[in-house]
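I have placed the structure first, in the form of structure tokens, so that the comments after it can refer back to it.
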Amino acid sequence: PAAPFAPPLVVVPKRAAARVDLVVVGSSTGGPAALQVIIPALPQDFPAALVLVQHIPRGFSASLAEHLNRRSRLPVKHAVEGDPVIPGRVLVAPAGFELTFRGQPGHVTVHLDAGRGPVPPGGFRPSVDGVMLSAAEIFGARAMGVLLTGMGRDGARGMAAIREKGGPTIAQDEASCVVFGMPKAAIELGAAERVVPLDRVAGEMVRMIQQTGIS
């Protein structure tokens, strides 16, 4: 029997054939550099929306969005309340706010919440888990989860929810991570369908999306 502290493995259904409408990318320590490898490598005709959730101090997420926008084929925007989630555009979750989704596929918008009081110790705002859980709820199998380098476990539970819905998931491998915390937690939970090095993440995202159906 499993040790008492072992996390439960994700129950993985057969991959759904639905197209991917949204990719949520989560990262922490080492994330800004990793995002500068991945986002500029995506093609101009990338068919899904992207939301980037980077643990970063208040005031720095907007400059991250601006930097990525200058380097990328896709438009990159610092998210604001009510932004539509549309294919081929990248939204950077603003530091200091929880980000969730409202609506239904085809008519989804971003909702930002500053929360009440300080972030609990060990917590983050935005949290990767929170964004991915919302993505799984709204998009189901049409969401993709990607976890990059970072300390801690944020994102493992959210990516597990996406995989449980039948959506594709990718984790960065240990050798290319600055800190192999967040991807490792997802892998141990059974939430990562594919584990690849940083320089292959963008290509794997495109490949997995191309493999999905068009229903």
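A few points about this structure:
- Some residue of the stretch 49-64 being more than 22 Å from ARG125 (Cα to Cα), of a type outside the set (Asp, Glu) and open to solvent by 10 Å² or more (accessible area, probe 1.4 Å): no
- Pairs with Cβ under 7 Å, 6+ apart, first in the stretch 133-144 and among the aromatic types (Phe, Trp, Tyr), second in a strand (DSSP E or B) and open to solvent by less than 20 Å² (accessible area, probe 1.4 Å): PHE139/LEU22
- Meets criteria (acidic (Asp, Glu) and in contact (Cβ under 8 Å) with a residue 40 or more places away in the chain) for ASP45: yes
- If only residues of the stretch 153-183 that are in contact with a Pro (Cβ under 7 Å, 6 or more places away or on another chain) and over 20 Å from MET208 (Cα atoms) are counted, the one that is least open to solvent (accessible area, probe 1.4 Å) is CYS177.
- Single match in ARG73, ARG102, ARG116 (criterion: in a strand (DSSP E or B), more than 25 Å from MET182 (Cα to Cα) and of a type in the set (D, E, K, R)): ARG102
- Residue satisfying all of: in the stretch 90-149; hydroxyl-bearing (Ser, Thr, Tyr) and more than 24 Å from ARG73 (Cα to Cα); most open to solvent (accessible area, probe 1.4 Å) among these: THR100
- Counted residues, the stretch 114-140 - those being among the charged types (D, E, K, R), modelled with pLDDT of 95 or more and within 24 Å of LEU35 (Cα to Cα): 1
For every residue, the table says whether it meets (1) under 12 Å from the mean Cα position of the chain (by Cα); (2) closer than 16 Å to VAL20 by Cβ.
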residue: ARG58; (1), (2): no, no
residue: LEU64; (1), (2): no, no
residue: ALA79; (1), (2): no, no
residue: VAL90; (1), (2): yes, yes
residue: ALA95; (1), (2): no, no
residue: ALA135; (1), (2): yes, yes
residue: GLY152; (1), (2): no, no
residue: LYS165; (1), (2): no, yes
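Condition check ((1) aromatic (Phe, Trp, Tyr); (2) in contact with a strand residue (DSSP E or B) (Cβ under 9 Å, 6 or more places away or on another chain); (3) under 17 Å from LEU50 (Cα atoms)) across all residues:
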{"position": "ALA160", "(1), (2), (3)": "no, yes, no"}
{"position": "GLY167", "(1), (2), (3)": "no, yes, yes"}
{"position": "ILE187", "(1), (2), (3)": "no, yes, no"}
{"position": "ALA192", "(1), (2), (3)": "no, yes, no"}
{"position": "ASP199", "(1), (2), (3)": "no, no, no"}
{"position": "GLU204", "(1), (2), (3)": "no, yes, yes"}
{"position": "GLN210", "(1), (2), (3)": "no, no, yes"}
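- Residue in the stretch 1-24 that is open to solvent by 50 Å² or more (accessible area, probe 1.4 Å), within 18 Å of the chain's Cα centre (by Cα) and at pLDDT 95 or above present: no
The values are calculated or read from the model by the stated rules, or taken from the named source; none is laboratory data. Since we're looking at a predicted model, the values are computed, not measured. All Cβ positions, even for glycine, are placed from backbone atoms using ideal geometry, and neighbour counts span all protein chains on display. Note: accessible area is taken over every heavy atom of the protein model, side chains too, but ligands, DNA and RNA are not part of it. Shrake-Rupley method; radii C 1.70, N 1.55, O 1.52, S 1.80 Å.
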